[in-house]
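First comes the structure, then the notes that go with it.
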Amino acid sequence: AISSIFLSFSPPSYKIALLKYNGGGDWYANPSSLPNLIGAIAERTALPIERAEAKVTFTDSALFDFPFLHITGHGEMKLSEIEVKRLREYLTRGGFLHVDDNYGLDDSFRREIARVFPDRPLVDVPHTHPIYHLVYDFENGPPKVHEHDGKPAKGMGIFIGNRLAVYYTFSADLGNGWEDVGTYPDPPMLHEQAIRLGVNLFTYAVTSRVTP
């Protein structure tokens with residue numbers, strides 16, 4: 001059965017939202033990233049998508065209108081008990097969350113997501129997973145946009161049944177790759193690779209089978 005909240009994600013158009021959080025981290029980082037990703041989705045797929053990026057909080061009544069939520073930033077994030085419950089409800093009822101560590105978010109994100117799903121650990125997403133192959137192929141997982149401390153880029157996630165509900169890009173800076181070319185001294189090829197994976201993520205979010 002498809003959950004009632006999943007039905008609210010149906011066309012005429014899908015929407016992407018940047019999720020605002022408390023704790024001191026810069027949730028608003030990478031201002032051009034989601035607009036660029038939305039433009040690519042509109043141009044490269046047949047999925048109906050609203051061109052405007054939205055911004056929501058965990059307790060916003062509109063939270064469940066978005067099949068795809070994005071979190072980024074460099075610093076601390078802290079969820080209240082109410083926010084933990086809301087995020088758990090959103091995800092178990094069919095929503096998809098992409099978290100991109102912009103270098104500095106890792107410790108607090110891992111702590112908070114463990115509060116959301118204490119019984120569902122973050123695991124490596126196999127490179128054979130559809131998220132790496134739906135539109136574009138990524139045989140080796142997510143691209144590494146920035147070096148930072150030299151750790152390899154990783155794609156991790158939390159599964160609910162067979163559905164990937166949370167996808168976490170660590171040591172990759174995928175959102176930086178979505179930003180306008182020239183924002184960082186990265187080759188355009190990395191921008192393209194980042195955008196391609198973003199297209200895959202959104203396509204998976206709105207087409208994956210929901211198992212609430």
Does Glu81 satisfy being under 22 Å from Gly157 (Cβ atoms), acidic (Asp, Glu) and either surrounded by 20 or more Cβ atoms within 10 Å (Cβ to Cβ) or free of Cβ contacts under 8 Å to residues at least 12 places away in the same chain (or both)?
-> no
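Which of the residues belonging to the stretch 170-191 are crowded, with 22+ Cβ neighbours inside 10 Å, part of a loop (DSSP other than H, G, I, E, B) and of a type in the set (A, V, I, L, M)? Working first, answer last.
Of the residues in the stretch 170-191, the ones crowded, with 22+ Cβ neighbours inside 10 Å are 170, 172-179, 191.
Right, trim to part of a loop (DSSP other than H, G, I, E, B) and you get 172-173, 179.
The one that is crowded, with 22+ Cβ neighbours inside 10 Å, part of a loop (DSSP other than H, G, I, E, B) and of a type in the set (A, V, I, L, M): Ala172.
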Can you give me the number of residues within the stretch 39-77 that are touching a helix residue (DSSP H, G or I) at 6+ places or on another chain (Cβ under 7 Å), under 16 Å from Gly23 (Cβ atoms) and not aliphatic (A, V, I, L, M)?
-> 4
Listed by first then second residue, the pairs whose first member lies in the stretch 190-210 and is among the polar types (S, T, N, Q), whose partner is open to solvent by less than 20 Å² (accessible area, probe 1.4 Å) and in a helix (DSSP H, G or I), with beta carbons under 8 Å and at least 6 positions apart or on separate chains, are Gln193/Gly177; Asn200/Ile131; Asn200/Tyr132; Thr203/Ile41
Can you name the residue in the stretch 19-54 that is without any contact (Cβ under 8 Å) to a residue 40 or more places away in the chain and among the small types (Gly, Ala, Ser) and is also most open to solvent (accessible area, probe 1.4 Å) among such residues?
-> Ala46
Residue check, Leu63 closer than 22 Å to Glu179 by Cα and buried (at least 16 other Cβ atoms within 10 Å of the Cβ) = no
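The values are calculated or read from the model by the stated rules, or taken from the named source; none is laboratory data. All of these numbers come straight from a predicted model, not from anything done at the bench. Reconstructed Cβ throughout: ideal geometry from the backbone, glycine too, with neighbour counts over all protein chains shown. Heads up: the accessible areas ignore ligands, DNA and RNA and are worked out on the full protein's heavy atoms, side chains in. Shrake-Rupley method; radii C 1.70, N 1.55, O 1.52, S 1.80 Å.
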